[in-house]
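**Q** Handing you this structure, nothing more for now.
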Amino acid sequence: AETVATVPVSPRILRVSVRTRGHTWHVFSAHAPIEAAPPSAKEQFWAALDAALLQVGPCSGDETIALCIDANAKVGSVTCPAIGDAEPEHENNNGLLFRTLLSAHGLYAVNTFIAAGATWRGARGHESRIDYVCLPDAARSRVTSCSVRHDVDLAPAARDDHYALAVEIGRAHV
């Protein structure tokens, strides 16, 4: 990488911008409040993420946004260009807020268009998809695979509750 800049946006949002070979990736890591959180906490989070995305976008041809998010969102019962119908779940309130944010920024949740599997397991064994990798719609044709990686240890604690989500992106053809 030629340059790397890390920008903490809030306790729940981090932006890492990496410039290499004339291209900049603005990678956001975010963790939304749980579905049962007070509405004000959820509204504050989604507004802060919206503002952070607006700060770097819309991106030009030599920049790309990637949003890696524990959205605590269930989606798929309402589809649109941002949310597909792969492994749909009934949309919850966080799902509505997530879908609205993606639509506003021209992003799409890759693992709602490619069946990748559950990304989270509750204490009683229930599994769900609440974690997402989101890319600009313009990058859709470059995605070569999307899968949950059970071989990656994300939780050094006694119980694994989240699984890594891997998305492979090919180079743009010139």
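**Q** Show me, for the stretch 125-141, the HN-Hα J-couplings you get by feeding each phi into the Karplus relation (A = 6.51, B = -1.76, C = 1.60, θ = phi - 60°), rounded to Hz, glycine and proline as x.
**A** x, 5, 10, 7, 9, 10, 10, 9, 10, 10, 10, x, 4, 5, 8, 3, 6
**Q** How large is Rg over Rh for the stretch 1-82, taking Rg from the Cα atoms and Rh as the Kirkwood inverse mean of 1/r across Cα pairs?
**A** That ratio equals 1.02.
**Q** May I pose another question? Can you tell me the orientation of helix 93-105 relative to the chain, as the angle in degrees between its alpha-carbon axis and the longest Cα principal axis, to the nearest 10?
**A** So the helix axis and the longest Cα principal axis differ by about 10 degrees.
**Q** Can you list the residues, at least 5 places off or on another chain, whose amide H is less than 5 Å from the amide H of SER77, using H built in the peptide plane?
**A** Answer set, sorted by chain and number: GLU89, GLU91.
**Q** Now, a different point. Starting from the exponent 0.38 and prefactor 2.2 Å, build the expected Rg for the chain from its residue count and divide its actual Cα Rg by it.
**A** Relative to the 2.2 N^0.38 Å estimate, the chain comes out at 1.01.
**Q** Here's another thing I want to ask about it. Relative contact order (percent) for the stretch 4-78, with alpha-carbon contacts under 8 angstrom and 6 or more residues of separation?
**A** 33
**Q** First check a/c for the stretch 76-174, with a ≥ b ≥ c the square roots of the eigenvalues of its C-alpha gyration tensor; if it is under 1.5, answer rounded, and if not, answer prolate when a/b is larger than b/c or oblate otherwise.
**A** oblate
FYI, it's all coordinate maths here, none of it is from the lab. From a predicted model like this one, the values you see are computed outputs, not experimental measurements.
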